[in-house]
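Engineer: Before I ask anything, let me first share the structure, which is written out below as C-alpha cells.
The values are calculated or read from the model by the stated rules, or taken from the named source; none is laboratory data. What you see is a predicted model, and the numbers here were worked out from it, not measured in a lab. So basically every Cβ, Gly included, is an ideal-geometry build from the backbone, and we count neighbours across all protein chains shown.
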C-alpha cells in the first residue's frame, strides 16, 4: 500500500501583532473612526494568567482594541483605546467575565482616541510592580473608597494627610492641594518610603491617590498591613475624580496637568500650569523624551527650547543626535552594556536642571 502524505497539524494563529509600528501609526492616523481611551483594573485571583491572556487577546483583537494590558495571578491592569462603534460590544464582552462584571471604566478626560496604535497583552508577576515580598501581605484588606465629594469634604480637615502615590515626574506637573509627595522613580520604592514618612501619623486620616486608582489601592492595603488605622483611597483616581467634579459641579482641588502613560503624556485638568521647563525655567507642562536615542530622558521642555535644542535635553545630547547613525548606534551599544552611564533617574535630571539654576 502506498504511503499516504501525513496531514500537517493546524498551526495556531500567532497571538501577537506582527505589523511594523510605522505602518500601524499610519493606519490609525488615516482611520476616521472615533475612539475612546479607557483604563481599568481589578485585583482578583486569576487561576491561569496565560490562558486568560490568550482568550482576551483574541476577543479584543476582533473589536480593534489597541493598548497595553498586564495580566497576573493578582488581576488585570489595562490602558486601551476602543472604536466607538464597538464600545457597547466591548463592554458586554468585558462584563461577561465574572470578576470584571461591573468593573469601573475610567474614560480619558482630554483625548482624541489616538493614544495607542497596537494591542499588547503581557503576563506579568504583578499588575503593578510593588517589591512586596512579605507572604502575609494581602489585597483583601484595603482602604476605604472615597468619591470626589467625600474626598473634598475630608480634605477640609487640616489634620487629614493627602498622599500622592505617583512618580516624581507625575507629581511635578499636577497634584492635589497640599498633597505629600513621596519622591521616587518607582512605586516599589514609594511603598516603604510612605510607611517611614507617615510612621508617627498612624492614627490620622490618610488619603492615598494616583492616576486611575490601581497604585493607591495597593498602597492603602500596604499601610493597613503596616499598622495604620484610618486609610482611604480615591476611587478611580484623578481620572474619575475629574469626571465626578464636572458631573456634580464640585470644587476642583487638583491643580495642573494629569500625567498619563500613553502617547499624550498629559491631560489638562485645571487652567493652571504649575511646572517649569527644565532648560529655561519658563512655565511649561509639556513632557518629552529626549531626541537623542541613546538618552531618551523624559523631561519637561517648552516649545522655545524644543526648537532651540531640537527636542534634546542638553547641548551634549544635541551634539550626539547630530552624529552619523553608525556612531549613534555604537553609543547605544555602550548604553546597553553599561546602563549606569546613562542613568535615566530623577537624580540625573534634578542634578542637571535644578542644581544648576
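Engineer: Check whether at least one residue in the range 268-290 is at pLDDT below 90, surrounded by fewer than 15 Cβ atoms within 10 Å (Cβ to Cβ) and more than 25 Å from residue 79 (Cβ to Cβ), and report yes or no.
Structural biologist: yes
Engineer: Taking the condition of being part of a loop (DSSP other than H, G, I, E, B) and modelled with pLDDT of 70 or more, how many residues in the range 330-357 meet it?
Structural biologist: Summing the residues that are part of a loop (DSSP other than H, G, I, E, B) and modelled with pLDDT of 70 or more in the range 330-357 gives 0.
Engineer: Spot the failing condition for residue 100; the list is (1) in the same structural domain as residue 59 (by TED's automatic domain parsing); (2) at pLDDT 90 or above; (3) at positive phi, and only one is missed.
Structural biologist: (3)
Engineer: Let me ask something else. Which members of the range 141-163 meet the condition of being within 19 Å of residue 194 (Cα to Cα) and in a helix (DSSP H, G or I)?
Structural biologist: 155
Engineer: In the list 327, 319, which residue meets the criterion of being touching a helix residue (DSSP H, G or I) at 6+ places or on another chain (Cβ under 9 Å) and assigned to a helix (DSSP H, G or I)?
Structural biologist: 327
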